[in-house]
Amino acid sequence: MPRESKVVPKAKRRPRPVVPIQLAGVGDMTFGTPGVTPPGGAAALLARVPRSLQSDLTLGNLETTLGTGGSAKCRAGSTQCFSFQAPAATALALKRAGFGAVNLANNHSDDYGSHGQAQTGAALRAAHLPYTGRPGQTTYVKRRGVKVALLGFAPYDYDDSLLDIAGAVSRVRRAAARADLVVVFIHAGAEGAEHQHVRPGMEINGLRRSDFPTTGVRLSRTGRLQRQKPRT
């Protein structure tokens, strides 16, 4: 008589234990223009907020190019166009301040064209500071055993496209299959007073109350921080 074959059930994969990690997010960061930088550079500015940058993974939107030279996108004397460029050493200052990665998908990552993009990438790689936001780019980092996928989207052809919704959804799903956690940056900013969309005052949502500052801060032509009244 033929032997009966036993069906051995497949062993179920045990779910990975939940490991809590703390994330910190920083909004738009820029550190000057050619010839106009804060005294002591980015390192001096970041030294004022060390506790705010402490987390398992601190992320920020790097809204500037890093390096020197190249052709700026703005015409000289323009008041509605801004070209940001900070020294390459800014990347190391960000790394030492506690940043674990930065997003480059925004409207200033191409301020100095392909030359500026190349220098920015080189500076970040030299500082061992991961980044995301370039077309087709998904960056993975690990914190406390948790694999985190980082993607950045913006509506510009030099960034990962925010306008291709189906493509973005597909990218996020692929990242989720490979990582324990997915963090997505989106940036849809534009320059000029007519594009302002965040008003001073208080915002209430389902989770918390947020107070927007009633004054802003800008970098003066001398490199000093100055308070700036909000536009209404």
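The values are calculated or read from the model by the stated rules, or taken from the named source; none is laboratory data. What you see is a predicted model, and the numbers here were worked out from it, not measured in a lab. Here the Cβ is made from the backbone with ideal geometry for all residues, glycine too, and neighbour counts use every protein chain on show.
For the reader, a short list of remarks on this structure follows.
- Answer from 143, 134 - the residue that is in contact with an Asp or Glu (Cβ under 6 Å, 6 or more places away or on another chain) and either within 30 Å of residue 44 (Cβ to Cβ) or polar (S, T, N, Q) (or both): 143
- Scanning the stretch 120-170 for residues that are part of a helix (DSSP H, G or I) and either charged (D, E, K, R) or in contact with a Cys (Cβ under 7 Å, 6 or more places away or on another chain) (or both) yields a single hit, 125.
- For the stretch 126-142, the set of residues classified as of a type in the set (Ser, Thr, Tyr) and either over 11 Å from residue 100 (Cβ atoms) or touching a Gly at 6+ places or on another chain (Cβ under 7 Å) (or both) consists of 132, 138, 140, listed by residue number.
- Matching residues, the stretch 114-124, being crowded, with 23+ Cβ neighbours inside 10 Å and within 13 Å of residue 158 (Cα to Cα): 116
- Of all residues making up the stretch 78-103, the number that are surrounded by fewer than 20 Cβ atoms within 10 Å (Cβ to Cβ) and of a type in the set (S, T, N, Q): 3
- For the stretch 86-113, a residue qualifies if it is of a type outside the set (Val, Ile, Thr), more than 18 Å from residue 152 (Cα to Cα) and touching a Phe, Trp or Tyr at 6+ places or on another chain (Cβ under 6 Å), and exactly one does: 86.
- Flag for residue 111 being of a type in the set (Asp, Glu), under 26 Å from residue 76 (Cα atoms) and surrounded by fewer than 17 Cβ atoms within 10 Å (Cβ to Cβ): no
- Any hit, the stretch 116-128, residues being on the phi > 0 side of the Ramachandran plot and at pLDDT below 90: no
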